[in-house]
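Only the coordinates and a few stated rules stand behind these numbers; no lab work does. The structure presented is a predicted model; accordingly, all values stated were derived computationally and were not measured. Cβ atoms come from the backbone with ideal geometry, glycine included; neighbour counts cover every protein chain shown.
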Amino acid sequence: MKKTFYLDKANGKVLGVCAGLANHMGWDPTFVRVGIVLLTLATFPWGLVAYGVAAMIGKTRPAAGYGQEAPDRPQRTSTYEVNRSMRDIDRRMAEIDTYVTAQNTPLAREIEKLR
């Protein structure tokens, strides 16, 4: 299966080259951006030239193609959402613990029947 390189201007910072390269290779765009910056610093004029050539050669991704070739990435959640979720889980576990350890004669009878 041949994949075509597209510029990803919707998710790109400057011209969409790094985001397009990341989508094409299935990598994280942040790592690609850091790599491009390091490459540009190491080979000063040639890194910028390569970036410009990639921006000129690359085709802009059609609007219909944005959901088709994107790699599966985990959904990012904020610490607030994780905290809220954990609080809810802790509350439910406390209710279960209270239900099991409390003096519950119907539950005790069921457990005795299972033995």
> What ratio of Cα Rg to 2.2 N^0.38 Å holds for segment 6-65?
Replying inline: 1.08
>> If I fit a long axis through the Cα atoms of helix 79-101 and take the longest principal axis of the Cα atoms of the chain, what angle between them do I get, 0 to 90°, rounded to 10?
In response: 20 degrees
>> Compute the angle between helix 44-57 and the longest alpha-carbon principal axis of the chain, please, reported from 0 to 90 degrees and rounded to the nearest 10.
In response: 80 degrees
> Using a Gaussian network for the chain with springs between C-alpha atoms less than 10 Å apart, which of these wobbles most: Asn83, Asn23, Asn11?
Replying inline: Asn83
> Can you work out the FRET efficiency for the pair Asp28 and Thr98, with r the C-beta to C-beta distance and R0 = 35 Å, to the nearest 0.05?
Replying inline: 0.20
> Taking the C-alpha atoms of the chain, how large are the radius of gyration and the largest Cα-Cα span, Dmax, in Å?
Replying inline: 26.4, 80
> So what's the angle, to the nearest 10 degrees on a 0 to 90 scale, between helix 105-114 and the longest Cα principal axis of the chain?
Replying inline: 80 degrees
>> Projecting each Cα onto the charge dipole of the chain (Lys/Arg +1, Asp/Glu -1 at the beta carbon, about the Cα centre), which of Trp46, Ile36, Thr79 comes out farthest on the positive side?
In response: Trp46
> Given a Förster radius of 35 Å and the C-beta distance between Arg91 and Lys113 as r, what FRET efficiency does 1/(1 + (r/R0)^6) yield to the nearest 0.05?
Replying inline: 0.70
